[in-house]
Protein chains: 2
Amino acid sequence: MKPYVVGIDIGGTNTVFGIVDARGQVLASDSIKTMKYVDFDDYVEELHKELSRLIKANDMDDKIQGIGIGAPNGNYYTGEIVNPPNLPWGPRIPLAEKVSKAFGGIPVAVTNDANAAALGEMTYGAARGMKDFIMITLGTGVGSGIVINGQLVYGSDGFAGELGHVIVKRNNGRICGCGRTGCLEAYCSATGVARTAREFMEIRKEPSLLRDLPVEEITSKDVYDAAVAGDKISKEIFEYTGTILGEAFADMIAFSSPQAIILFGGLAKSGDILLKPIREALDKNVFPIFRGKTKILLSELKESDAAVLGASALGWEAKYRYEAKVPVAEEADPQPAPEAKA
Amino acid sequence: MKPYVVGIDIGGTNTVFGIVDARGQVLASDSIKTMKYVDFDDYVEELHKELSRLIKANDMDDKIQGIGIGAPNGNYYTGEIVNPPNLPWGPRIPLAEKVSKAFGGIPVAVTNDANAAALGEMTYGAARGMKDFIMITLGTGVGSGIVINGQLVYGSDGFAGELGHVIVKRNNGRICGCGRTGCLEAYCSATGVARTAREFMEIRKEPSLLRDLPVEEITSKDVYDAAVAGDKISKEIFEYTGTILGEAFADMIAFSSPQAIILFGGLAKSGDILLKPIREALDKNVFPIFRGKTKILLSELKESDAAVLGASALGWEAKYRYEAKVPVAEEADPQPAPEAKA
């Protein structure tokens, strides 16, 4: 019997799930609206209903070996979501426990979305065969998943790898969503690029295609389109962004000397317009002993499948199993946290 | 038969070596002058002679299980020293091979001095039982050894963990010995503190005990002594240094979320005068989810023993063994590099 796993990607808007085989084929997938369910138990019930339907429709009832879930602030050690910025279910959500319980004890593993992306890349994508690499997701925010010695880095508390929040500007840095100032994310996320565009529009006097747009509505996609159309300021915005990324990457390389830094997410699709300044700034700033060693690569996963694939990669090593206790005590006695794993 | 290992610490001036038991007792130690030998083979011959004498004198001829060596730019994967800044033996020195050969095939392992310090701390010191920590050595330079999941981080090329060379000042940073500008080492090494003192003496007008000294001769020890004596500017120099360290530590924590950052080396002995500003800057700058989690600790190894202990800790896992080939081919056919190890 061929084994399969389920990958679930919980985003602020949609929860996408799919059934994946050992070669990384997404055999079937579907989604539900995340925000429709104010109560977490209702959400899990709906997820269970729709995912069960998908499993049954594909005749895979007894073939699912594990479920991997990528979720914002998902914690690998505890199986919880902790203080998620965009989910309504409270500060500590026992995700692995509830999902495993709903599915009769199937093993479940949880991590954050960037870590899931790194696992997906290592299992099915550009990082196959690599033991040391860093995944950087350039989306609404900047996330990261770090692999060292072939293992994802979870750190002492399960939250390691927040490279979107290293400080790239010590003085007069932009305010970041995390409450601090000068974070990489405040400059190099899609939102950061839009902020740079607004700053450049204010400070610079040259004409620009971007001036045709209401300044508050400029998006990173607008900047990309204008740059491709030859707009000088827009090209400079990408140079500014890429330079900051390349400088930050130089410091990351001083930490773990990875074979590659792999970019994923909307901004990563900008191609050379972003990659060129990244590589130039990296080469200029990297510690001499590491020069020319770390490749800057783009994710090889199809974007529509990547989130599910990444989460599913975790399904192969899922260990947490909900086991029912004596019913009388069940409500009064909270379930123990899943075992911490090395 | 109780097993023992040998630790060798190769410094620019002295090479210290000792015999260590499984509990971290240095049973006997001695040293030779590193720089006395312009030819590497002469150096190894002298090292072999003196270390053999020590082993024999302690009746441990067949009890040495392995030899661990800490050396500047020592590479764990290849067993070589590569482009060492302060050694006269050329750009690629086959250290593990030559030492193993001299000792008739005893297993040898090599790493850099900061990594050796981290291993020593994990095996015998403040990091016993820790699986995730960062060792920072504050000496003439700033070095680091990173442990994740209980393993030292060597990276893709064996040189990972150069945290003395993350950039702490992006614009108008000080020139660093590595040829770049703004490195942590240029500010927070003993030499960096002395440079800060010279800058402060120039810029500031207040009286200071440091003004009694020729400005070019001020050392970090002078600054420490003056600060302890109540000198205001000297205390500010330590605040300045500690703040930069605390800010840099916040970024390191975003990478690997360690249980502790452990300080070693001359400057680390400054105590609260340095630790207080480090902790304050760390607390102010760390990403909220990590706040209060990472301890700042001092090394627990006796300084006179630490280098040998750290290197010896590597001896327990030494794998490289020189094996003699057919004599005729020996000179013409260079030895293969030791096996890369995970």
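We did not get these values from a lab; they are worked out from the coordinates using the rules stated. Predicted model, so just to flag it, every value in this text is computed and none were measured. In this analysis, Cβ positions are derived from the backbone assuming ideal geometry, glycine residues included, and neighbour counts consider all displayed protein chains.
Things to note:
- Charge dipole of the stretch A:140-280 about the Cα centre (unit charges at C-beta), most positive-ward option of A:Gly271, A:Ile218, A:Val166: A:Val166
- Sorted shortest first, the distances from the B:Arg128 label point to those of the same residue in the other copies are 4.7 nm; each point sits 7 Å from Cα along Cα-to-Cβ.
- Assigned charges on the beta-carbon of Lys, Arg, Asp, Glu; the protein assembly as shown dipole about Cα centre (debye): 500
- With R₀ fixed at 22 Å, the C-beta to C-beta distance from B:Thr219 to B:Arg174 puts the FRET efficiency at about 0.80.
- Copies compared at A:Glu46 - label distances in nm, ascending, label defined 7 Å from Cα in the Cβ direction: 7.7
- Couplings for the stretch B:9-17, taken from phi via the Karplus curve 6.51 cos²θ - 1.76 cosθ + 1.60 with θ = phi - 60°, read 10, 8, x, x, 9, 10, 10, 9, 9 Hz in order; Gly and Pro are left as x.
- Counting Lys and Arg as +1 and Asp and Glu as -1 over every other residue whose Cβ lies under 11 Å from the Cβ of A:Leu163, the net charge comes to -4.
- FRET efficiency for A:Ala28 and A:Glu317, using Cβ-Cβ distance with R0 set to 30 Å, rounded to 0.05: 0.85
- Estimated 222 nm signal from helices in chain B, with DSSP H stretches of n ≥ 4 weighted -39500 (n - 2.57), rounded to 500: -11000 deg cm²/dmol
- Of all DSSP bridge pairs formed entirely within chain B, close to 60 percent run antiparallel.
- Percent of C-alpha pairs per 20 Å bin, the protein assembly as shown, short to long: 17, 44, 32, 7, 0
- Residues B:Lys269 and B:Arg291, FRET efficiency given R0 of 25 Å [Cβ-Cβ distance, rounded to 0.05]: 0.35
- Relative pair counts by distance (%), Cα atoms of chain A, 20 Å bins: 30, 54, 16, 1
- A simple count of charges around A:Gly143, restricted to other residues whose Cβ falls under 12 Å of its Cβ and scoring Lys, Arg +1 and Asp, Glu -1, yields -3.
- Distance between the 7 Å Cα→Cβ label points at B:Val228 and A:Leu298: 6.0 nm.
- Extension gain, A:Asp212-A:Asp39: 0.36 nm per intervening residue step, less the Cα-Cα distance, totals 57.9 nm.
- All lysines inside 26 Å of B:Lys276 as judged from Cα atoms, apart from same-chain residues fewer than 8 positions distant: A:Lys169, B:Lys131, B:Lys169, B:Lys205, B:Lys221, B:Lys232, B:Lys235, B:Lys284, B:Lys293, B:Lys295, B:Lys302
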